[in-house]
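*Asks:* This is the structure I have questions about; it appears just below.
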Amino acid sequence: MKKDEPTKKKGIKDERFPRSVFFVYLGVLLLMAGLHTNVIVVIQRLNINSWLMAAFPILYWLLVAAGLTIYTRKQIRNTFEIPMQNLADATKKVAEGDFSVYVPAIHTADKLDYLDFMILDFNKMVEELGSVETLKTDFVSNVSHEMKTPIAVIKNYAELLSMEKVSDQERREYGKNIEEAALRLSSLISNILRLNKLENQKIDVQMERYNLGGQLEEYILQYEEMWDEKELELTVNLEENAVVCADRELLGLVWNNLISNAVKFTEKGGSVEISLSTGGGDIEVSVADTGCGMSEESLRHVFDKFYQGDTSHAKEGNGLGLALVKRVIELMNGEIRVESRKGVGSIFTVRLPQAEKMPETTAEVELD
């Protein structure tokens, strides 16, 4: 296969000067040659001075050559130099940190060639770089905010504990608040480290076959006290023998986050439904609640790092849980989707491949 065949298959023009241009040049030269011959014949018939006969061809072809040279120069400038200069200027601005740069394509959408696609890819790259820069700025800002809050709590209650007139009850209350703030800070740092390892592929994924229903039951039971405390109606439908091949510990982070969110955002007396089913070679787990739900804006950013739909931070959390969930699911070759309506509730659905569909090289252990 020739190197230029993939370009042709994609419908991209692979040449800046089409063959028709050279036929135009050939036609013009033939026309000028014919005109030159006719003019010579006319000069001979009119018995014009011999010096004009000698000078005419030189002047004539000098003008023809000059015209073709100027035309060629103009075409090269419009076709290559100006677009490449614009691209070079834009590249310099991006290198200096300006990600608002946009270079317009040379041709319309139906006549794009490889240079147009290079410019479009450049614009897309700059847009992505701008998004990364924005995310980095937001990340630093959010980390600073999330860390300052528990640190301020620890500092304030530590100052209260150092006061002389503090009762034993107040001392216990202050100590408990300090402990909770420290746990929140520890959780934040742990989640940041986990997410960093997952995103940079610096974590060893220990794949094993096990019964997913059994694991879900364990995590559901961990929240038994919270179900009772909030008087939540719990519905569980778990299909038996749903065997998955995944990292048990990492996948546990997923169920812990989804179930805890369902409990946290569902008001007292609400309901939560957890189901597991198999079909079409996949395993599907859904966690549905009748909680506060999310707006369309929140749905668009629900898996972004540090994003919290509750901007007041009244609910416990640091906005990293669902970012971790999404990354873990991707590592397990699965997918996650969410449906939600404000004031109605949310449904998180995780789809994972069954163990039988995993590669044969995956390590196998006895089923639970």
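The values are calculated or read from the model by the stated rules, or taken from the named source; none is laboratory data. Predicted model, so just to flag it, every value in this text is computed and none were measured. Every residue, glycine as well, gets a Cβ built from its backbone with ideal geometry; the counts of neighbours run over all protein chains shown. We work out accessible area using only protein heavy atoms, side chains counted, and drop any ligands, DNA or RNA first. Shrake-Rupley method; radii C 1.70, N 1.55, O 1.52, S 1.80 Å.
*Asks:* Sort Glu239, Glu225, Glu127 by heavy-atom solvent-accessible area, probe 1.4 angstrom, most to least. The partial results should precede the final answer.
*Replies:* On the way: Glu239 75, Glu225 150, Glu127 125 Å².
My answer, sorted largest first, is Glu225, Glu127, Glu239.
*Asks:* How long is the gain from Ala65 to Val205 if the chain were fully straight, where each residue apart is worth 0.36 nm and the alpha carbon distance is subtracted?
*Replies:* Working it through step by step, the gained length comes to 43.4 nm.
*Asks:* Further, regarding this structure: Please list, ordered by chain and number, the residues whose modelled amide H lies under 5 Å from the amide H of Gly270; skip anything fewer than 5 residues away on the same chain.
*Replies:* For Gly270, whose amide H was placed from the backbone, the distant partners under 5 Å are Glu233.
*Asks:* So how much slack lies between Arg351 and Met84, counting 0.36 nm per residue of separation and subtracting their Cα-Cα distance, in nm?
*Replies:* Numbers: separation 267, 0.36 × 267 = 96.12 nm, distance 4.67 nm.
Taking 0.36 nm per residue and subtracting the Cα distance, the gain is 91.5 nm.
*Asks:* Quickly work out the Lys264-to-Asp110 label distance, labels modelled 7 Å from Cα along the C-beta direction, and quote it in nm with one decimal.
*Replies:* 5.4
*Asks:* If each of Ile40 and Met226 carries a label point 7 Å out from its Cα toward its Cβ, how far apart are those two points in nm?
*Replies:* It is 9.8 nm.
*Asks:* Across the stretch 261-271, in residue order, what do the Karplus-derived ³J(HN,Hα) couplings come to in whole Hz, using 6.51 cos²θ - 1.76 cosθ + 1.60 with θ = phi - 60° and x for Gly and Pro?
*Replies:* Once rounded to whole Hz, the list reads 5, 4, 5, 5, 9, 9, 5, 4, x, x, 9.
*Asks:* Also, I was wondering about something else. Using alpha carbons only, how many angstrom separate the centre of the stretch 77-114 from the centre of the stretch 146-184?
*Replies:* Here the two parts' Cα centres lie 58 Å apart.
*Asks:* Quick one: what are the phi-derived ³J(HN,Hα) couplings along the stretch 108-119, Karplus 6.51/-1.76/1.60 with θ = phi - 60°, whole Hz, x for glycine and proline?
*Replies:* Listing the rounded values in order: 6, 4, 8, 10, 5, 10, 5, 5, 4, 5, 5, 5 Hz.
*Asks:* Mind listing the phi-derived Karplus ³J(HN,Hα) values for the stretch 335-345, rounded to whole Hz, using 6.51, -1.76 and 1.60 with θ = phi - 60°, and x for any glycine or proline?
*Replies:* Values per residue, Gly and Pro as x: 8, 9, 9, 9, 10, 7, 9, 4, x, 10, x Hz.
*Asks:* Could you check the simple spin-label distance between Phe117 and Glu173, using points 7 Å along Cα→Cβ, in nm with one decimal?
*Replies:* Each label point is offset 7 Å from its Cα along the Cβ direction, giving 6.9 nm.
*Asks:* Another question about this same structure. Calculate the FRET efficiency for Glu180 and Thr235 from the Cβ-Cβ distance with a Förster distance of 35 Å, rounded to the nearest 0.05.
*Replies:* 0.65
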